[in-house]
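**Q** Let me begin by handing over the structure; questions about it come next.
Readers should treat all values here as calculations from the given coordinates under stated rules, not as data from a laboratory. Treat the numbers as computed from the prediction; the structure is a model and nothing was measured. Because the Cβ atoms are built from the backbone with ideal geometry, glycine has one as well, and the counts that use them run over all protein chains shown.
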Amino acid sequence: QAFVSKPDELVFKDFEVGKKYRKMFTMTNVSYTFNSFKLLDLDDEVIDFFVITFEKPGRMSAGVSCSIEIVFTPQINKDILTAIRLLTETGPVEVPLKCLIKRCAPRIVQPVIDFGRIIVGQKLSNSLKIKNSQALSTEFIILPFEENKLEVATGDDSIEQNVIKSDGSEEYVPETFDPTMDPALNESELLYRVQRVMTQTFRKMKFFNPLPLSASLEIGNLDGYGATSLDIICAPLTVGLIEQKFSVKFNEVEDSAMTVDDLGEPVMKEQFVTVTVIGEEVPIYVAEETMDLKCTLYDRIYRKKITLKNRAKQAYKVSITVAAAYAKYVEVNPTILFVQAKSSQNVNVKFTPAVDMLSKVGYFTCPYEAYTDAALTVIPVEIRVAGQDLPVFFMVRSSVCPSTVELSSSSLEFGRVYVGQQSSKTITLCNRSMLPQKVAFVRLKKEFSVKPNDGFAVLLPNESMDFEIFFSPISAINYEVDITLITSLNDSYVLKVIAEGVDPPLEFSSSVIRMRTTSPGERVVESVLVTNKTSHSQCFEVVSPNSRFTWLKVSPAVVQLEPGKSGRLEFEYCAPENAFDLDPNIWHEETIKTGNEAMNESPFDEWSSELGWVVGKGMYGELQWFKPPPQHIRRKNAVTESDIGEVMDNMSKSDESQETLSLGNDVNNGGNDNYAVTDSTTTGTEESLGELSFEEWGVIGKWALPIILKSKKKSLSSTAILNTTSTSASTARGQTVPAPLFITIQTAVNLPQIEADIKSIDFGQISVGTRILKSFKIINRNFQPILLK
């Protein structure tokens, strides 16, 4: 071109309608000869907006310039893209003319923000910078893309061990926990309470930062040719990769304007920022979050270790805080420590439950309705870590209960007991603990004994057991004795016993009479000698049970003894001949109906049947009747000839035994063959014959017969005396009631082991020197062979 414009193009930028804008430019002749130019009109659409003035230079020599002024007066807010056209001698020349309205060209400087790895519970922020390369300012709005929707790429949805998920719907309200509040109604409510305490810090973080990634503001302004910054806040409460896209919308940007930013890229009305973070687990955590001590007892000390682990590559300082409300029950040692990188550290925990826990820390307890002063306790303990905003908790869980064994009475009074006699009192023990306990009465004096099982027993939780304590004085003195009860839980209880030993007025040659075992229909008589040991005469009555039920008779029933004199008591026992064939239950009912008992009631207080045994208790003792099944009843003629031959063969092998087996003919019975052992002196062979079997039919009785002393004064009846305490003097109707003495009778009825086929042998009249031989048959009623001596 022959002419060159300086500047190359004319630009009216960021104009406003109604204002005037002036610009100067020069046209220079760059040809090698004279030249001239003529200004042509602008386009019709814009010719009214411009005024161009200059002095006409005429013909211009080479290198000569001409200044031109252009005045722009915009009437519409619209871009104008045109050119100033000149006509020269060598051809047309154009100078570009641009009139640009005000525009907005924002650009997000860093569209991707990566926070890297952050421990859950920590809070960081990063700046997001927005730059505007044009003159028009704008307001922008930044919101999460697809609002409130998080994209979790990997990892758990919960923080391991100690952080509980929350959807952010509940509002954080600062809470104060009063440990003395009422206990929980059930275990679920108790665990909810503990979780509220453990997640208090978490819920506070959730309240102030409901989203793991958020912007510090939602609406902002961006000035023309300016820049602004806002914070992107990162506060992850979940583990794993979290990616969040934010949408930034600029109000003054129109996609149709085709505006470009300072990098030449098209400017969009909605631009995006992608923020990523990886939430990491807390470095310090407890290997076992719940320290379960199972069942514990009050006023005992329990110790256990918890292990703190560090999964990070650096050491952390840890401080453990036990709330003052329950510091009395839970102690931690040490309270401040360092956990080295990739290592662990043990912490000692001491738990000392006490019964006042139920009131002082009732908020963390749930009572057991079935037990007294027992409750489930769950106590949270906080662990603070330097550089770790989210605390770690562990729980001390235990079912606490007392070790109490409750005694029905703390003392026993036996009153006056005769020397050589025995009196008993019953005491009930109840285990109030949730654990079974072994109990034992120990260090008993020889005057005392305990039943059952000599005072040893195992009590299950809430189980009660009756123990009978027997007192038998050996001298006439006052007794004040402490009986000690110990338990397997190291508790001991003292039972105070007060009694008085008294010399008996009567002395028996034997206080226990064991009658020999008899067969049905056989009569047995035993006697005992009674001596009056006092200085005055004594009259006493022997109260015997109903003989129709016991088959026992006493004679005489009433005895008068002068001082120092003795008398004899006879006890006769005779079971019915048909006792073996009787059914005990039918016999009991028929005996009641045929007797004179009032209202046909049984004299026994208790009558029961079980597994072939029938037991009747009452009338100062008890009756035991065993009725085996028919297949177990002893066989008749159990021993055969071959059995006897086998026995005799075995006996002949022993050097210590000599037996003679003779077979004879009874001169009176026609020569029937009979077996008779005429001599037997064995020792070792008895073991081969076996023991006698007692697991058969039988009736056993044991009776404690009261002996009532008759006072010279008008005394009470025997029945009235027995209705009073048997071991101590009582007062009734103004009279002193003497304590009765007792004598024990033991009886037994069984089928005979052997029996003869005849009851007696009568030789009649025989001449002197005449020898008559008679034989009888001995029948073995036992299951095994029997050796006769």
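**Q** Net charge within 9 Å of GLU606 by Cβ-Cβ distance, Lys/Arg positive one each and Asp/Glu negative one each, not counting GLU606 itself?
**A** With Lys, Arg at +1 and Asp, Glu at -1, the neighbours total -1.
**Q** Treating cross-link reach as a plain straight distance, find the lysines whose alpha-carbon is under 28 Å from the alpha-carbon of LYS593, omitting any fewer than eight places away in the same chain.
**A** The qualifying lysines are LYS553, LYS617, LYS627, LYS702.
**Q** Taking the simple approach of a point 7 Å from Cα along Cα-to-Cβ for both SER475 and SER216, what is their distance in nm?
**A** Going by the 7 Å Cα→Cβ label model, 9.9 nm.
**Q** Kindly state, to the nearest 0.05, the FRET efficiency for SER609 paired with VAL442, given R0 = 30 Å and r defined as their beta-carbon distance. Don't skip to the end; give the middle numbers.
**A** Numbers: r = 38 Å, r/R0 = 1.27.
Using R0 = 30 Å, I get an efficiency of 0.20.
**Q** Name the residues of the stretch 478-519 whose amide N is less than 20 Å from a point 7 angstrom out from the Cα of ILE754 along the C-beta direction?
**A** The answer is 516-519, whose backbone nitrogens lie closer than 20 Å to the label point.
**Q** Relative to the present Cα-Cα distance, how much length would full extension add between LYS553 and ASP231 at 0.36 nm per residue of separation?
**A** On the way: separation 322, 0.36 × 322 = 115.92 nm, distance 11.15 nm.
Gain in length upon complete extension: 104.8 nm.
**Q** Just how far, in whole angstrom, is the stretch 365-380 from the stretch 235-304 if you go by their alpha carbon centroids?
**A** 40 Å
**Q** Length gain on complete extension for the stretch SER464 to ILE778, per 0.36 nm per residue less the alpha carbon to alpha carbon distance?
**A** Values: separation 314, 0.36 × 314 = 113.04 nm, distance 5.48 nm.
Length difference between fully extended and current span is 107.6 nm.
**Q** Can you compute the charge dipole magnitude of the stretch 268-345 about its Cα centre, using +1 on each Lys and Arg Cβ and -1 on each Asp and Glu Cβ, nothing else charged? Give it in debye, rounded to the nearest 20.
**A** Once rounded to the nearest 20, the dipole reads 300 debye.
**Q** List the residues of the stretch 73-99 whose backbone N lies under 20 Å from a point placed 7 Å from the Cα of SER31 along the Cα-to-Cβ direction.
**A** Residues 84-96 qualify, since their backbone N sits under 20 Å from the label point.
**Q** I would also like to ask the following. Measure off 7 Å from each Cα along the Cα-to-Cβ vector at ARG117 and ASP8, then give the distance between these two points in nanometres to one decimal.
**A** Between ARG117 and ASP8, the simple spin-label model gives 5.4 nm.
**Q** Follow-up. How much net charge surrounds THR321 when only other residues with a Cβ under 11 Å from its Cβ are counted (Lys, Arg +1; Asp, Glu -1)? Don't skip to the answer; put the middle values down first.
**A** Details: positive: ARG384; negative: GLU382.
Spelling it out: positives minus negatives among the neighbours equals 0.
**Q** Run the reach check for LYS38 against lysines, Cα to Cα strictly under 30 Å, same-chain hits fewer than 8 apart removed. What comes back?
**A** Once the sequence-local lysines are set aside, what remains near LYS38 is LYS6, LYS13, LYS19, LYS20, LYS23, LYS56, LYS78, LYS98.
**Q** Let me ask something else. Which residues in the stretch 102-119 have a backbone N closer than 11 Å to a point placed 7 Å from the Cα of LYS313 along the Cα-to-Cβ line?
**A** Of the residues in the stretch 102-119, none has backbone N under 11 Å from the label point off LYS313.
**Q** Leaving out same-chain residues fewer than 8 places away, which lysines sit with a Cα under 16 Å from that of LYS438?
**A** LYS451
**Q** Here's something else I'd like to know. Say each of VAL419 and THR531 gets a label point 7 Å from the Cα, pointing the same way as Cα to Cβ; how far apart are those two points in nm?
**A** 1.3 nm
**Q** Apply 1/(1 + (r/R0)^6) to the Cβ-Cβ distance of ASP482 and THR352, taking R0 = 25 Å, and write down the FRET efficiency to the nearest 0.05.
**A** Values: r = 30 Å, r/R0 = 1.21.
In this case the efficiency is close to 0.25.
**Q** Pairs LYS309/LYS350; LYS445/LYS565; LYS129/LYS204; LYS123/LYS304; LYS129/LYS206: which exceed 25 Å Cα-Cα? Don't jump to the answer; show the numbers that get you there.
**A** Working: LYS309/LYS350 20 Å; LYS445/LYS565 34 Å; LYS129/LYS204 30 Å; LYS123/LYS304 35 Å; LYS129/LYS206 27 Å.
Listed pairs above 25 Å: LYS445/LYS565; LYS129/LYS204; LYS123/LYS304; LYS129/LYS206.
**Q** Under a 5 Å amide H to amide H cut-off, with H placed in plane at 1.01 Å, what residues pair with VAL322 once short-range neighbours are removed?
**A** When sequence neighbours closer than 5 places are left aside, there are no close amide H contacts.
**Q** Another one. Fully extended, how many nm does the chain gain between VAL512 and ASP292 (0.36 nm per residue separation, minus their Cα-Cα distance)?
**A** On the way: separation 220, 0.36 × 220 = 79.20 nm, distance 5.85 nm.
This chain segment gains 73.4 nm when fully extended.
**Q** If you don't mind, another one. What is the sum of charges, Lys and Arg at +1 and Asp and Glu at -1, for the other residues whose Cβ falls under 14 Å from the Cβ of VAL17?
**A** Values: positive: LYS19, LYS20, LYS78, LYS102; negative: ASP14, GLU16, ASP48, ASP79.
Here the count lands on 0.
**Q** For GLU331 and LYS249, what does the FRET efficiency come to when R0 = 41 Å and r is the distance between their Cβ atoms, rounded to the nearest 0.05?
**A** On the way: r = 59 Å, r/R0 = 1.44.
Approximately 0.10, to the nearest 0.05.
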